[in-house]
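Some notes on the structure that comes next.
Every number in this text was worked out from the coordinates using simple rules, so none of it is lab data. Quick caveat: nothing in here was measured; it's all calculated off a predicted structure. Because the Cβ atoms are built from the backbone with ideal geometry, glycine has one as well, and the counts that use them run over all protein chains shown.
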Amino acid sequence: MKILSATVLAAGLLMSASVANASQSAAPDAFGYTWTDSLTPAPSISYSFYDIYATGTDTLLGDDQVLLAVPIGFTFNYYGDPYTTVNISSNGILGFGPTTSSTTSGAPFPTPTGDNNVIGGLWDDLNPAGIVRGVVYQTVGVAPDRRFIVQWTNVPFFNTVVLNTFQIVLFENGNRIQFRYASITERASANSGIENVNGTIGLAYYPSAAPGVHVAEAVEFDPPGVSAPAPAPAPVAAGGGGCSLDASAGFDPLFGMLVLLAFGALYRRRNDI
């Protein structure tokens, strides 16, 4: 019975480890991009928010406006093409090339209609007009680990008082993309995701069929050959001072089994005395 109990305990812990290491992720699109988020049952990336509200360059964007050709600070490769500038829309998207406009409603990802070659953190009719430093951007870090951050702070949907604070982050190292949601409301008209230059390949996140409030969440999009998590930002995000666990550090089932067997053998020996 004691041997059986130890075996059951080992199996239970191994099953728990298997569940704990499961991540919320998406299968590759036709180009090879995948995404992984920070949600339970087991996040594969850690949520962090490097606050640039006070230090970033103010876009001065109003309702349905776009700031064109903003320097990224490094070469960023997106769906196989290199870019050194990006367009910032007040409506929660970044875009490359002339296709980006001030479109107010986000199309599903991917779709050939509407704006293409975009990155949608929260693509909807957002209105930063009258919001102090509502949309700011900044390049932080040093090569080869620089990050280009665009931050929407307390930006409401048009004609509402529903506020949204989030970031889109482009990583020099690995050409990763992160959406960091400090506090947003995903509604039916909003879409988040990525797509290529003609809108034929892409990945959606937070499909519009599942609206809701999201706080302290993140998702990372990785090109082929790159695996989450991205390098942790430094220094500590504003308001920090605490510590965070690296949720990507998994449990080794083989090591766990060996430990359990050793304790089981010791337990049996002690009870045989």
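Based on the mean of other Cβ atoms within 10 Å per residue, sort peptides 216-227, 168-179 so the most packed one is first.
On the way: 216-227: 18.8, 168-179: 22.4.
Per-residue Cβ counts within 10 Å, averaged per peptide and sorted highest first, yield 168-179, 216-227.
Give me the number: length gained by fully extending THR200 to THR75, i.e. 0.36 nm times residue separation minus the C-alpha to C-alpha distance, one decimal in nm. All intermediate terms of the calculation are to be shown ahead of the outcome.
Numbers: separation 125, 0.36 × 125 = 45.00 nm, distance 2.36 nm.
Here the answer is 42.6 nm.
Could you please report the charge total around PRO211, scoring K, R as +1 and D, E as -1 over all other residues with beta-carbon less than 9 angstrom from its beta-carbon? Don't skip to the answer; put the middle values down first.
Details: positive: ARG187; negative: GLU186.
For residues surrounding PRO211, the net value is 0.
If the chain between ASN173 and VAL213 were fully stretched, how many nm would it gain, using 0.36 nm times the residue separation less the Cα-Cα distance? Provide the component values of the computation, followed by the final result.
Values: separation 40, 0.36 × 40 = 14.40 nm, distance 3.06 nm.
So the extension gain works out to 11.3 nm.
Using the beta-carbon distance between VAL161 and ALA54 and R0 = 22 Å, what value does 1/(1 + (r/R0)^6) give for FRET efficiency, to the nearest 0.05?
Numbers: r = 24 Å, r/R0 = 1.08.
That pair, VAL161 with ALA54, gives E of 0.40.
How big is the dipole moment of region 30-231 about its Cα centre under a simple scheme where the beta carbon of each Lys and Arg is +1, that of each Asp and Glu is -1, and everything else is neutral? Debye, nearest 20, please. Write out the running numbers ahead of the final one.
Details: 6 positive and 16 negative charges, 41 e Å.
With Lys and Arg at +1 and Asp and Glu at -1, about 200 debye.
Report Rg (one decimal) and Dmax (nearest whole number) for region 30-231, counting Cα atoms only, units Å.
So, for region 30-231, Rg and Dmax equal 15.1, 43 Å respectively.
What's the extension gain from SER227 to THR40 if we count 0.36 nm per residue and subtract their Cα-Cα distance? Could the numbers behind the result be given before it?
On the way: separation 187, 0.36 × 187 = 67.32 nm, distance 1.85 nm.
Extra length available between SER227 and THR40 comes to 65.5 nm.
How do SER90, SER189, SER46 line up, fewest other C-beta atoms within 10 Å first? Provide the component values of the computation, followed by the final result.
Numbers: SER90 26, SER189 14, SER46 17.
Ascending Cβ contact count within 10 Å gives the list SER189, SER46, SER90.
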